[in-house]
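The values are calculated or read from the model by the stated rules, or taken from the named source; none is laboratory data. Quick caveat: nothing in here was measured; it's all calculated off a predicted structure. With ideal geometry, Cβ positions are generated from the backbone for all residues, glycine too; neighbour counts draw on all protein chains shown. Accessible surface areas use protein heavy atoms only, side chains included; no ligands, DNA or RNA. Shrake-Rupley method; radii C 1.70, N 1.55, O 1.52, S 1.80 Å.
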Amino acid sequence: MTNIKTNYEPISLNVADTTKVMGFKDTKSVYNLIRKGKLKARKSGRIILVSYASIKKYIEG
């Protein structure tokens, strides 16, 4: 199986991937940012999806 790289940005990431992308050690920091309203998130079934646009906006300041 070959890894295919694309130039597309994701629409959302789960909390574990958000933690990695933002450089945090654990998911508590991401959950805190969601609770404070600094990251937009939505629950889909048992998964919490974090808006990629809100991650970029938070990181860029």
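Taking all protein chains in place and a 1.4 Å probe, what share, in percent, of the accessible surface of the chain do carbon and sulfur account for?
Ligands and nucleic acids excluded, carbon and sulfur reach 50 percent.
Which shape class applies to the chain: rounded if a/c is under 1.5, otherwise prolate when a/b exceeds b/c and oblate if not, where a ≥ b ≥ c are the square roots of the Cα gyration tensor eigenvalues?
Prolate shape, in that a/c is at least 1.5 and a/b is the bigger ratio.
What is the magnitude of the charge dipole of the chain about its Cα centre, with +1 placed on the Cβ of each Lys and Arg, -1 on the Cβ of each Asp and Glu, and no other charges, expressed in debye to the nearest 20?
The dipole magnitude comes to about 280 debye.
Given Cα pairs under 8 Å that are at least 6 residues apart, what percent is the relative contact order of the chain? Spell out each step's value before the answer.
On the way: 57 pairs, mean separation 22.3, N = 61.
Once divided by the residue count of the chain, the mean separation gives 37 percent.
Please report the net charge: other residues with Cβ closer than 12 Å to the Cβ of L49, K and R +1, D and E -1.
Working: positive: K40, R42, K43, R46; negative: D17.
Taking every other residue near L49 into account, the sum is +3.
Scan around N14 for amide H atoms under 5 Å from its own, H built in the peptide plane at 1.01 Å from N, and keep only partners 5 or more places away or cross-chain.
Hits under the 5 Å cutoff: V50.
From the backbone phi of the stretch 50-57, what are the Karplus-calculated ³J(HN,Hα) couplings (6.51 cos²θ - 1.76 cosθ + 1.60, θ = phi - 60°) in whole Hz, Gly and Pro given as x?
Result, ordered by residue: 9, 4, 5, 4, 6, 5, 4, 4 Hz.
Near V15, within a Cβ-to-Cβ distance under 11 Å, what is the net charge of the other residues, with Lys and Arg +1 and Asp and Glu -1?
On the way: positive: K20, K28, K43; negative: D17, D26.
In short, +1.
Quick check for you: with a 1.4 Å probe and neighbouring chains kept, what is the accessible area per residue of the chain, in Å²? Show your work: numbers first, answer last.
On the way: 5350 Å² over 61 residues.
I get 88 Å² per residue for the chain.
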